[in-house]
Amino acid sequence: MTEEVEPMPTSPPESLDLDKFRKVVRSSIERHHYRTAMFWADKVVSLSGGAAADVYWLAQTYYLTKQYHRAIVLLTTHKLLRNLTCRYLVALCHYEVGEYPSALNILEHNDNNNMSPSKVKGEPLSVPEIDDVMSTTCSTHLLKGYIYEATDNRALAAESFQVALQADPMCCEAIHALTQHHMLTAKEEQDLLSSVPLSGWCSEPEGAVVRAVYQTRTNKYCSPNQTIPQPVAALGTNADFLTAQAEKLYYNCNFSQCYRLTQEVLKKDPYHTECLPIHISCLVELKQANTLFLLAHKLVDLYPESALAWFAVGCYYYLIGKNEQARRYLSKATTLDRVFGPAWIAYGHSFAAENEHDQAMAAYFKAAQLMKGCHLPLLYIGMEYGLTNNPKFAEKFFREALEIAPSDPFVLHELGVVAFSNQEYGVAETYMRKAVALVEEGGVAAAVVPEKWSALHNNLAHTCRKLAKYEEAIHFHQQALRLCPGVASTYSALGLVQALVGDYEAAVVSLHKALSLHRDHTTATTLLNTVMEQLTAQTPTFQGDDNVPPLDLPSELVGTDTNTSDLTPASAEEPLSDTNLLGSSIGQPMMHSSDVAGDSLSHSESQSSALIIEDMVMDDQSP
């Protein structure tokens, strides 16, 4: 127990001007000479007889030199906990050393002025030199938000950050915490911005600037092509504005343009902390392993205590397929920063890549808890449920993701697959056509459609085939081959549809291509045998000359009846269809884990964020 001491009743000599020494303290702090400031602040406290303002500035120098317990003891022994500003500084010191209950206890008493007698005696103490009621109120609620966040109380953390912003509309830390950590939904973000009391703080033009700046940090799922509001048009090349634009591009799955913007930002500011997670997620999406390797090493060398540096290392190992090493470094990132959502998503990906569904879902659920306003954790949870044959739960999480990101083609694709597996082919077609339209729109802007979307085109082709829209099915299979040529299953599916429309020669060519790429492709082999029988039955033995004389064979070789014109294969008795081709339909999409990073390995990790359909499999359902 430290004994509380009364301030010394002495006063400085009349000829001594303590203000000069006080100016030295302030000047030294501004020039980052903290030890010089601490030395002279200590002398001023003694010379002034322990004046409250001088004690506060000495405690500030202790805080700046990371002597947190020393600052706590100083303010407590001088009975300055009755002052709001000093009490906040004590709570901040407790927070820095990880003593969250003590910090929260002091701040709670700060709200209701109900400190215990052992802590505070007498009325609240006013110190005009250091008091700023608005700033102290904002700082108190901001610190409470950080404490609640550190103790996994996300709801109270979000509430505290919102109160801090209401207390001081210029507190961008509160906006950053709410938006960067995805604590609010899009509607809650808009409600918050509309409720910020800017009119009482600044004029209308200044308020328009503040509102426009905050608007760029919210609604990450809106169109990235929105024009910059006129009041902030001059900020169009600002690094923060470009980062916000890149983030919107990432969440709209336009990874190429997002990458170009992040490169532009990092040329100006190579260590922009908000841009780097998006840039890393884009590198994973675009499979730029060498670039990510160099960036990760640079970050680890410069910032070995940063979660972002180890996140980059973990993403590199995940990208090259070394999932055990990836988990090791991603775990370190989550240890350094427990609320770093992209690291949790990437951690889940490293398990999903090895079909460790339970561990992957645990990581995704943690990310969903941390990122309430982000759709990526919900999407990945749904995918894991789909892989464990739980389509109802999968659809539930996909629909929740769709509410947050209604224009995400990955989510629409997943919902289409669920509808297909439920034999709701019309619904599946609607979802997949929307996804294709969004992908093609992004492809026009990026000048190329990524290879990963071949799975979406194949699945839409399977759906069209189930609905007897064979020409469209052929079109989408061909689109898939343009995006990703040399896939045996796509050629096999194309051959099936060509056979269904009666184009047997084209079907034979497609199936031969499938077997040339994968000689043991069972589906293609069976299809080829059946199509060849059909083609043989419908093709004359001799083409081009109707006057060829009949071949007279000895009766002892062929028997008494040499007329073979009535012999036809059994398969030619009825038209070719899914059912009589193999006794089953072909081409049901199957969900499996994606190689795309999210939020957002953001997304980023980013992002990364959806399924890729694997080879065709046979089911027991007719079209």
Seminar exercise, completed: Reported set for the range 255-271 where residues are surrounded by 17 or more Cβ atoms within 10 Å (Cβ to Cβ) and either under 17 Å from residue 315 (Cβ atoms) or among the polar types (S, T, N, Q) (or both) is 255, 256, 257, 258, 259, 262, 266
For this session: Identify, by number, the condition in (1) surrounded by 18 or more Cβ atoms within 10 Å (Cβ to Cβ); (2) under 27 Å from residue 102 (Cα atoms); (3) of a type in the set (Gly, Ala, Ser) that residue 150 doesn't meet.
Result: (1)
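Pick out the one residue from 437, 468, 488 that is surrounded by fewer than 22 Cβ atoms within 10 Å (Cβ to Cβ) and at positive phi. Steps first, please.
Details: 437 fails: at positive phi; 488 fails: at positive phi.
Within the list 437, 468, 488, the selection yields 468.
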For this session: May I ask you to list pairs of residues, at least six apart or on different chains, whose Cβ atoms are under 8 Å apart, with the first in the range 12-23 being under 13 Å from residue 41 (Cβ atoms) and the second being assigned to a loop (DSSP other than H, G, I, E, B) and modelled with pLDDT under 65?
Result: 18/12
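Each row is one residue, and each column tells you yes or no for (1) buried (at least 20 other Cβ atoms within 10 Å of the Cβ); (2) under 44 Å from the mean Cα position of the chain (by Cα).
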| position | (1), (2) |
| --- | --- |
| 33 | no, yes |
| 42 | no, no |
| 50 | yes, no |
| 56 | yes, yes |
| 61 | yes, yes |
| 77 | no, no |
| 87 | yes, yes |
For this session: Any residue in the range 37-56 that's over 20 Å from residue 89 (Cα atoms): show its pairings with residues that are of a type in the set (Ser, Thr, Tyr) and surrounded by fewer than 20 Cβ atoms within 10 Å (Cβ to Cβ) at Cβ separation under 6 Å, as long as the two are six or more apart or on different chains.
Result: 49/10; 49/11
For this session: Starting from the range 237-251, keep only residues that are assigned to a helix (DSSP H, G or I), then list their pairs with residues that are of a type in the set (Gly, Ala, Ser) whose Cβ atoms are within a distance under 6 Å, requiring at least 6 positions of separation or different chains.
Result: 250/604; 250/606
Exercise. In this structure, does residue 286 turn out to be of a type in the set (A, V, I, L, M, F, W, C) and either under 18 Å from the mean Cα position of the chain (by Cα) or surrounded by 14 or more Cβ atoms within 10 Å (Cβ to Cβ) (or both)?
Worked result: yes
Exercise. Of the residues 383, 432, which is out of contact with any helix residue (DSSP H, G or I) (no Cβ under 6 Å at 6 or more places or on another chain), assigned to a helix (DSSP H, G or I) and not basic (Lys, Arg)?
Worked result: 383
Problem set entry | Yes/no for residue 28 being among the polar types (S, T, N, Q), surrounded by fewer than 16 Cβ atoms within 10 Å (Cβ to Cβ) and over 38 Å from the mean Cα position of the chain (by Cα) | no
Problem set entry | Residues (under 18 Å from residue 356 (Cα atoms) and either under 16 Å from the mean Cα position of the chain (by Cα) or not in a helix (DSSP H, G or I) (or both)) located in the range 321-344 | 321, 322, 330, 343, 344
For this session: Kindly provide the set of residues from the range 353-367 that are surrounded by fewer than 24 Cβ atoms within 10 Å (Cβ to Cβ) and on the phi < 0 side of the Ramachandran plot, ordered by number.
Result: 353, 354, 356, 357, 358, 359, 361, 362, 365, 366
Seminar exercise, completed: Within the range 491-507, residues at negative phi, out of contact with any Phe, Trp or Tyr (no Cβ under 8 Å at 6 or more places or on another chain) and surrounded by fewer than 19 Cβ atoms within 10 Å (Cβ to Cβ) come out as 503, 505, 506
Problem set entry | Criterion: within 22 Å of the chain's Cα centre (by Cα) and crowded, with 17+ Cβ neighbours inside 10 Å - qualifying residue of 174, 167 | 174
Problem set entry | All positions within the range 78-112 that are closer than 15 Å to residue 141 by Cβ and either outside the structural domain of residue 66 (by TED's automatic domain parsing) or of a type outside the set (A, V, I, L, M) (or both) | 85, 87, 88, 95, 108, 109, 110, 111, 112
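The values are calculated or read from the model by the stated rules, or taken from the named source; none is laboratory data. None of these values were measured; they are calculated from a predicted model. Ideal geometry is used to build each Cβ from the backbone, glycine not excepted, and the neighbour counts take in all protein chains shown.
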